[in-house]
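Undergrad: Sharing a structure, written as structure tokens. Questions coming.
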Amino acid sequence: MNLPDGLYDSVRKLALDRHQTVTSLMEQSLRRIVNEQTVSEAARAASASAALPDAQIPAKLLVTGGAGFIGSNFAHWLVANTDSTVTVLDKLTYAGNRESLAGLPEDRVRLVVGDICDADLVDSLVKDTDAVVHFAAESHNDNSLNDPSPFIQTNLVGTYTLLQAVRAHDKRFHHISTDEVYGDLELDDPERFHEYTPYNPSSPYSSSKAGSDLLVRAWVRSFGVRATISNCSNNYGPYQHIEKFIPRQITNILSGLRPKLYGSGENVRDWIHVDDHNSAVWTILTRGRMGETYLIGADGERNNKQVLEDILRLLGQPADAYDLVRDRPGHDLRYAIDSTKLRSELGWLPKYRSFSEGLAATIEWYKNNESWWRGAKEATEAMYAKQGQ
Ligand code: NAD
Ligand code: TDX
């Protein structure tokens with residue numbers, strides 16, 4: 001149908017105005033609901049804590065990938081918050097760093113350098129532990145686009161190797177996974193990921209993680225392995241490799257380089273401090289129901305441009321002092337986690353309620369620990385420069 005000149009524009013403007021009014025009314029009521037929810041959530045968590053099953057505390061833990069970002073923070077967290085002893089099994093790939101475990105007491109934490117695909121080594125370590133927490137993985141999406149092969153080997157064959165060992169020795173297993181197994185959401189989708197969202201991974205990284213989750217589920221069902229799975233959103237905090245978004249931008253600024261934003265910076269990630277991830281992992285390991293999956297998230301949705309502007313502000317730089325660079329192929333648009341099950345069933349709550357505070361502390365850590373990251377900076381930036389990023 002042809003509309004007379006100008007009528008189409010008037011109708012469109014009217015529709016847009018209406019849409020904005022409705023959207024802002026919806027936002028106001030949503031904000032009210034969120035405030036009410038924060039209060040009722042604390043009450044729910046408190047009543048869940050009162051009814052929690054007794055915690056099963058493992059005295060001896062095997063932590064795979066414990067020299068990487070989240071695993072090394074887990075070792076620090078365990079030493080500070082529990083009496084358990086920890087054996088770290090880590091191959092020390094480019095992403096692992098023994099310095100991330102420096103300062104931890106030798107009678108509580110020992111590092112075994114080795115591969116989770118080495119069945120004999122894995123078997124001997126699993127035999128001698130009470131529980132395994134499995135962080136080891138190839139973890140960077142951009143690398144998986146350049147060469148998927150180590151992702152298939154470590155994430156799939158490595159997880160299979162561990163599952164066979166915990167099956168043989170009847171040991172408790174907790175598998176660390178990611179929200180990326182669910183694919184992505186539209187920016188304006190009211191939905192968030194939950195435990196029954198269908199798997200729909202986009203990259204070689206996320207599909208290899210999805211495959212590893214399915215192996216765990218099959219070993220639970222077919223062989224009665226005592227396992228749980230958690231799928232967490234994007235972590236930030238100390239000891240994160242400088243290839244990843246937040247540390248890359250911080251260390252760029254500290255090195256006099258301009259930060260690099262993929263595409264237009266609209267992609268949304270749901271940020272959680274690594275200590276909150278790890279307290280959730282401990283909660284699931286000690287109180288979770290066997291065979292269950294729990295999603296971990298702290299309601300931290302922000303787009304990449306907002307995060308970068310926060311970093312620039314905290315480091316005293318102008319808000320526009322960055323470069324827009326080539327987008328990631330197949331770049332997932334938005335991740336968002338609904339962690340109601342973990343909160344209401346196991347009484348978990350995140351400690352970090354302010355992203356800016358956690359980010360400021362993380363920036364301070366990179367400022368004060370230049371010796372930890374400086375050695376990897378040149379090679380990391382050379383790799384990105386080669387791909388126009
Ligand atoms: P990371 O890349 O920093 O650390 C991975 C560690 O695994 C490294 O120390 C590496 O040396 C080790 N490793 C790799 N291959 C190995 C092998 N074959 N044998 C033994 N060790 C090996 O990763 P991360 O960010 O700490 O992620 C840890 C886990 O958490 C991964 O399973 C990842 O999928 C998951 N996860 C990460 C995030 C995040 O935001 N970083 C979010 C959700 C889930
Ligand atoms: O320089 C950059 N500029 C940029 O805009 C980099 C390195 C990234 N980005 C964007 C891409 C993503 O939208 O920032 C966002 C975060 O990127 P990454 O730090 O690479 O994380 P992501 O791909 O979201 O995956 C992370 O969270 C889920 C972890 O690396 C995974 O291991 C985890 O499963």
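Undergrad: Checking the condition part of a loop (DSSP other than H, G, I, E, B) and within 14 Å of ligand 2 (Cβ to nearest atom), which residue from 320, 327, 310 passes?
TA: That would be 327, the only listed residue that is part of a loop (DSSP other than H, G, I, E, B) and within 14 Å of ligand 2 (Cβ to nearest atom).
Undergrad: Of the residues that make up region 374-384, is at least one exposed (fewer than 14 other Cβ atoms within 10 Å of the Cβ) and touching a residue at least 60 places away in the same chain (Cβ under 8 Å)?
TA: Checked against the condition, which is being exposed (fewer than 14 other Cβ atoms within 10 Å of the Cβ) and touching a residue at least 60 places away in the same chain (Cβ under 8 Å), region 374-384 yields no hits at all.
Undergrad: I'd like the full set of residues that are among the hydrophobic types (A, V, I, L, M, F, W, C) and surrounded by fewer than 18 Cβ atoms within 10 Å (Cβ to Cβ), limited to region 112-125.
TA: Scanning region 112-125 gives 112, 113, 119, 121.
Undergrad: Which of the residues belonging to region 337-389 are outside any helix (DSSP H, G or I) and within 15 Å of ligand 1 (Cβ to nearest atom)?
TA: 337, 339, 350, 352
Undergrad: In region 130-177, what residues are of a type in the set (Ser, Thr, Tyr) and under 17 Å from residue 228 (Cα atoms)? Steps first, answer last, please.
TA: Our first condition is that a residue be of a type in the set (Ser, Thr, Tyr); within region 130-177, this holds for 139, 144, 149, 154, 159-161, 177.
Within region 130-177, 159, 160, 161, 177 qualify.
Undergrad: Do we find a residue being of a type outside the set (Val, Ile, Thr) and touching a Cys at 6+ places or on another chain (Cβ under 9 Å) anywhere in region 134-155?
TA: Among the residues of region 134-155, at least one is of a type outside the set (Val, Ile, Thr) and touching a Cys at 6+ places or on another chain (Cβ under 9 Å), which makes the answer yes.
Undergrad: Restricted to region 176-218, and to residues that are within 11 Å of ligand 2 (Cβ to nearest atom) and open to solvent by 30 Å² or more (accessible area, probe 1.4 Å), which residue is nearest to residue 301 (Cα to Cα)?
TA: 184
Undergrad: Select from region 312-354 the residues that are open to solvent by 70 Å² or more (accessible area, probe 1.4 Å), in contact with a strand residue (DSSP E or B) (Cβ under 8 Å, 6 or more places away or on another chain) and of a type in the set (Lys, Arg) and write down the one among them that is farthest from residue 178 (Cα to Cα).
TA: That would be 326.
Undergrad: Oh, and also: Being over 16 Å from residue 209 (Cβ atoms) and open to solvent by 20 Å² or more (accessible area, probe 1.4 Å) is the filter; apply it to region 126-148 and report the residue that is nearest to ligand 2 (Cβ to nearest atom).
TA: Selected residue: 146.
The values are calculated or read from the model by the stated rules, or taken from the named source; none is laboratory data. Being a predicted model, the structure only gives us computed values, none of them experimental. FYI the Cβ positions are ideal-geometry reconstructions off the backbone, even for glycines, and counts take in every protein chain you see. These area figures cover heavy atoms from the full protein model, side chains too; ligands, DNA and RNA do not enter into them. Shrake-Rupley method; radii C 1.70, N 1.55, O 1.52, S 1.80 Å.
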